[in-house]
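Asker: This structure is in structure tokens; I'll ask about it shortly.
The values are calculated or read from the model by the stated rules, or taken from the named source; none is laboratory data. In this text the structure is predicted, and so the values were computed from the model without any measurement. Heads up, the Cβs are rebuilt from the backbone with ideal geometry, glycines too, and the neighbour counts pull from every protein chain shown.
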Amino acid sequence: MRRIFLLVAVVLVSVLGITFAAHSAEAAFSDRAKEMAKITGVRIGKTDGNVRIVIDSDRPVSYQQSVLANPTRIVVDVQNAWIAPEAKKNTAVDSPFVSGVRVAQFDATTVRIVVETSVGKGDYKVFSLDSGKPRIVMDFGGSPAGNVTKPPRDTEPAVIPSLPSEADEDEEEEEEQDARAKDQIDRDLDAITGLKGRKITIDPGHGGSDSGAIGPTGIMEKSVTLRVSRELKRLLEAEGATVILTRTGDTEVSEKGASATSVEELQARCDVANKAKADIFLSIHADAFTNREVKGTTAYYYTQGTKQSKRLADCVRTALIDSIGTIDRGTQTCNFYVVKHTDMPAILVEISFISNPDEEKMMNSAEGVKKIAQGIADGIADYFG
Ligand SMILES: [Zn+2]
């Protein structure tokens, strides 16, 4: 009897010990990811044949640069960082100085940017700007933007948005006041539910030839985003909203199908919202990371987006986390194409991590999909008040 009791005690202690160790390991991984910088985007601009590459991150980063020969490649390793799945990974550049840019998670804590170039040592420059939005800037060509200490605001190529001038801000404020007044009138007319009469475009991320991220058991991001979007449409329409999905099946949105470039495909999604003159735009995605322990929900809006976009991101993130109980990874700014090229308040939601076995399972279950859609719908209702 005593022996059995002892055995039970030993087993119990071991199980508890292992469970405890697993939990602390998971907590440690999540904490570590929280302390890492997220590379949110890579932008490439050309002026007078010169090429500027801007790497955006959510916090200041340190990096090491090196040069590889045959062909010449400039390598920048960003330390203690990870790359957003939505960031563009490979870009061909049509320029005499740079032929391509590749970005990848090199190891667990390093994001590597490789620039294929033909320029010599004196003809390129790499520097970081930590004031305002942190970024690493790489200039290639005849006259790289001057000195490192001065933010190259005046020399920024047209394709890369410069900081808004004061006049723009005033205009934006006026527009926002108008929008607020209009919102108030709408609310007075429609005090029963804030969703009634709203036009909402939902973009199920990826689709067709682009599966998006793939979970440990093979669940594809494109299927999760479509299922969630369909359920979300149902819930919002029940509240009197008009909902337009950018895609309703496992297809590309662009008429060119699988042969569309990534920009054409993303622009097609923006076109759906812009042509419909939707009140808001939401792109639905699932996150992924090399470390399978990492979990959580993130909402994104465009770096130079409006206060309404930020508020929409906050409302949706908060309500979604209330519904599915994941880790809060905050509202972040980004340069993702779909939130930048849409005319209305626009956000991109990373529901949770499809690379994490638990979150993959949750996102692939009928109950999980319902909870996710309900959370997002609640957030949208909060936004419209
Ligand atoms: Zn995605």
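Asker: What about I351, is it within 16 Å of the ligand (Cβ to nearest atom) and of a type outside the set (S, T, Y)?
Answerer: Criteria met by I351.
Asker: Quick one: is E265 of a type in the set (D, E) and part of a loop (DSSP other than H, G, I, E, B)?
Answerer: no
Asker: Kindly indicate whether K361 is in contact with a strand residue (DSSP E or B) (Cβ under 7 Å, 6 or more places away or on another chain), surrounded by fewer than 21 Cβ atoms within 10 Å (Cβ to Cβ) and in the same structural domain as E264 (by TED's automatic domain parsing).
Answerer: no
Asker: If you don't mind, there's one more thing I want to ask. Might you let me know whether the stretch 257-270 holds any residue that is surrounded by 20 or more Cβ atoms within 10 Å (Cβ to Cβ) and more than 16 Å from the ligand (Cβ to nearest atom)?
Answerer: no
Asker: Filter the stretch 303-330 down to the residues that are within 16 Å of the ligand (Cβ to nearest atom) and surrounded by fewer than 24 Cβ atoms within 10 Å (Cβ to Cβ) and list them by number.
Answerer: The answer is R329, and nothing else.
Asker: Does any residue in the stretch 282-306 that is over 22 Å from S323 (Cα atoms) and at pLDDT below 95 come within less than 7 Å, Cβ to Cβ, of a residue that is in a strand (DSSP E or B) and not hydrophobic (A, V, I, L, M, F, W, C) six or more places away or on a different chain, and which pairs are these?
Answerer: Filtered contacts from the stretch 282-306: T290/Q105; T303/T333.
Asker: When residues of the stretch 193-230 are filtered for being within 12 Å of the ligand (Cβ to nearest atom), small (G, A, S) and over 26 Å from N291 (Cβ atoms), how many remain?
Answerer: Of the residues in the stretch 193-230, 1 are within 12 Å of the ligand (Cβ to nearest atom), small (G, A, S) and over 26 Å from N291 (Cβ atoms).
Asker: To continue, here is another question. For residues in the stretch 339-348 being away from the ligand (no atom under 11 Å from the Cβ) and assigned to a strand (DSSP E or B), which is surrounded by the fewest Cβ atoms within 10 Å (Cβ to Cβ)?
Answerer: Top of the filtered list is A346.
Asker: Among the residues of the stretch 33-89, which ones are charged (D, E, K, R) and away from the ligand (no atom under 16 Å from the Cβ)?
Answerer: The answer is K34, E35, R43, K46, D48, R52, D56, D58, R59, R73, D77.
Asker: Further question on the same structure: For the stretch 274-300, what are the residues that are in a strand (DSSP E or B) and within 16 Å of the ligand (Cβ to nearest atom)?
Answerer: The answer is F281, L282, S283, I284, H285, A286, D287, T297, T298, A299, Y300.
Asker: Another question, if that's okay. Return the total of residues in the stretch 316-351 being in contact with a Ser or Thr (Cβ under 7 Å, 6 or more places away or on another chain) and among the charged types (D, E, K, R).
Answerer: 4
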